[in-house]
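Chemist: Here it is, the structure in full.
The values are calculated or read from the model by the stated rules, or taken from the named source; none is laboratory data. Please read these numbers as outputs of a predicted model, since none were measured by experiment. Reconstructed Cβ throughout: ideal geometry from the backbone, glycine too, with neighbour counts over all protein chains shown. Surface areas here come from the heavy atoms of the whole protein model, side chains and all, with no ligands, DNA or RNA. Shrake-Rupley method; radii C 1.70, N 1.55, O 1.52, S 1.80 Å.
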Amino acid sequence: MSRLLLIAGGSTLLYAVIATIMGVLPGIELSQVPPGPGVEPLTELQAQGRDVYVANGCSYCHTQQVRPLPADRVFGRPSAAGDFAFQTPELLGSERNGPDLSNVGARQSSAIWQYMHLYQPRAVVPESIMPSFKFLFKVVDTAPPGVTPVPVPPAYAPTHGVVIPTPEAKALVAYLLSLKQPPLGENATAGVHAAVMHEAAPAVEPVADRAPAVAKATPASAAEALPDGKPLFSANCAACHGAGGAGIPGVFPPLKGNSAVNDADPTKHITVVLGGLKGATIDGAKYAAQMPAFGSLLSDAEIAAIINYERSAWGNDAPHVTAQQVADQRAKLKQ
């Protein structure tokens, strides 16, 4: 009996020591880390959304930890301890069945897109493996005053009525949109790239372009020092505009045949990619969804590469741009 107690006591002591070293001591140290520059506490609604995030197991498939590796550059800058000062326990996660969400509020700042994605992921990312969270929404005959229905594409919309978000959905989207990485230091803007590295591309939901249209070869003068625009487009733009550039009618504008994309003067095209767009009327159609600004997420060369891909794919035919043109327009916008 004494031998059994000795074994049980020894294993318990060993477990306690390991738990202290691996969990308690790091937790104490992290709790004393001050918040990073620009890191703010969650609002009440965002905190409620975090509870919904936890309750629905979102952290089982999504991480919130960007590693200092080339493969993680698509998600933002490397995470820092100060990023989590107001979010404990940290929802770091360990699996990436879906993309990392550390900076999703900047990468995908459209609440409309977030609602559509939660209601039916395949509506915006055809090859997504994420389950549908329709239980966070209601189907009603008419949306109540002040409530905007979710513009679900016809192929995924209910047979009658309109889809509206529940308070849980609103809170969850508020939390997701709060996940933004503040810049770190003077070189943060240039360092927070969303490039896709061919040799170590992570499993992210935006899928590769499978459209039959193939981008034309970029002239050597415009292609010099520019990365490949197609994977950059797939990682940053395809979720809204579609792999084939067709967009979603009334929600996300098409790039195929878009007048700004095909304009010989690229100023408007560059400006929109750098600064984003909201509530715009494009080629006679009004779009309510917000396009995020990529100026703080992508370098001049990466933005030029994406723009050149858009201006030469799907039958588009417009002059290419250089990284210097993007840099010049970025400087004008800052003024």
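Chemist: Among (1) more than 30 Å from residue 296 (Cβ to Cβ); (2) buried (at least 16 other Cβ atoms within 10 Å of the Cβ), there is one condition residue 62 misses while meeting the rest; what is its number?
Modeler: Single failed check for residue 62: (1).
Chemist: Given the criteria part of a loop (DSSP other than H, G, I, E, B), open to solvent by 40 Å² or more (accessible area, probe 1.4 Å) and not hydroxyl-bearing (Ser, Thr, Tyr), does residue 257 qualify?
Modeler: yes
Chemist: Let me ask something additional. Output the residues belonging to the range 287-329 that are under 27 Å from residue 182 (Cβ atoms), open to solvent by 50 Å² or more (accessible area, probe 1.4 Å) and either out of contact with any helix residue (DSSP H, G or I) (no Cβ under 6 Å at 6 or more places or on another chain) or of a type in the set (Phe, Trp, Tyr) (or both).
Modeler: Matches in the range 287-329: 290, 328.
Chemist: Just name the residue that is nearest to residue 53 (Cα to Cα) out of those in the range 162-176 that are open to solvent by 40 Å² or more (accessible area, probe 1.4 Å) and not acidic (Asp, Glu).
Modeler: 170
Conditions (1) over 26 Å from residue 70 (Cα atoms); (2) at pLDDT 85 or above; (3) of a type in the set (Ser, Thr, Tyr); (4) touching a His at 6+ places or on another chain (Cβ under 7 Å), marked per residue:
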residue: 206; (1), (2), (3), (4): no, no, no, no
residue: 211; (1), (2), (3), (4): yes, no, no, no
residue: 219; (1), (2), (3), (4): yes, no, no, yes
residue: 223; (1), (2), (3), (4): no, no, no, no
residue: 228; (1), (2), (3), (4): no, yes, no, no
residue: 241; (1), (2), (3), (4): no, yes, no, no
residue: 255; (1), (2), (3), (4): yes, yes, no, yes
residue: 261; (1), (2), (3), (4): yes, yes, no, yes
residue: 278; (1), (2), (3), (4): yes, no, no, no
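Chemist: Taking residue 40 as meeting all but one of (1) more than 17 Å from residue 84 (Cβ to Cβ); (2) open to solvent by 100 Å² or more (accessible area, probe 1.4 Å), write down the number of the exception.
Modeler: With respect to (1) more than 17 Å from residue 84 (Cβ to Cβ); (2) open to solvent by 100 Å² or more (accessible area, probe 1.4 Å), residue 40 is out only on (1).
Chemist: Among the numbered criteria (1) in a loop (DSSP other than H, G, I, E, B); (2) among the acidic types (Asp, Glu); (3) modelled with pLDDT under 90, which one does residue 95 miss?
Modeler: Failing condition for residue 95: (3).
Chemist: Could you list, in sequence order, all residues of the range 274-326 that are among the charged types (D, E, K, R) and within 22 Å of residue 114 (Cβ to Cβ)?
Modeler: 278, 286
Chemist: With the structure loaded, tell me whether residue 159 is of a type in the set (Val, Ile, Thr), open to solvent by 40 Å² or more (accessible area, probe 1.4 Å) and touching a helix residue (DSSP H, G or I) at 6+ places or on another chain (Cβ under 9 Å) or whether it fails that test.
Modeler: In short, no.
Chemist: Also: Need the failing condition index for residue 316 against (1) under 15 Å from residue 235 (Cβ atoms); (2) touching an Asp or Glu at 6+ places or on another chain (Cβ under 8 Å), just the number.
Modeler: So residue 316 meets the others, but not (1).
Chemist: Pull out all pairs, ordered by first then second residue, where Cβ-Cβ is under 8 Å, the residues are six or more apart or on different chains, the first lies in the range 258-286 and is in contact (Cβ under 8 Å) with a residue 60 or more places away in the chain, and the second is open to solvent by less than 30 Å² (accessible area, probe 1.4 Å).
Modeler: 267/329; 271/329; 276/109; 276/292; 276/294
Chemist: For the range 151-172, check the following and say yes or no: at least one residue is assigned to a strand (DSSP E or B), charged (D, E, K, R), modelled with pLDDT of 90 or more and under 19 Å from residue 118 (Cα atoms).
Modeler: No.
Chemist: Quick test of your reading of the structure: residue 63 fulfils all but one of (1) assigned to a helix (DSSP H, G or I); (2) polar (S, T, N, Q); (3) closer than 30 Å to residue 127 by Cβ. Name the failing condition by number.
Modeler: (1)
Chemist: Find all pairs meeting these conditions: Cβ atoms under 8 angstrom apart; at least six residues apart or on different chains; first residue within the range 57-70 and under 12 Å from residue 96 (Cα atoms); second residue hydroxyl-bearing (Ser, Thr, Tyr) and outside any loop (DSSP other than H, G, I, E, B).
Modeler: Taking only residues 6 or more apart or on different chains, the pairs are 59/53.
Chemist: Sticking with this one: Scanning for something open to solvent by 50 Å² or more (accessible area, probe 1.4 Å) and in contact with a Pro (Cβ under 6 Å, 6 or more places away or on another chain), does the range 98-118 turn up at least one residue?
Modeler: No: zero hits.
Chemist: Of the conditions (1) more than 24 Å from residue 291 (Cα to Cα); (2) open to solvent by 60 Å² or more (accessible area, probe 1.4 Å); (3) modelled with pLDDT of 90 or more, residue 180 clears all except one; give me its number.
Modeler: Failing condition for residue 180: (1).
Chemist: Determine, yes or no, whether residue 284 is open to solvent by 20 Å² or more (accessible area, probe 1.4 Å), under 21 Å from residue 125 (Cβ atoms), over 19 Å from the mean Cα position of the chain (by Cα) and of a type in the set (Gly, Ala, Ser).
Modeler: So residue 284 does not fit the description; no.
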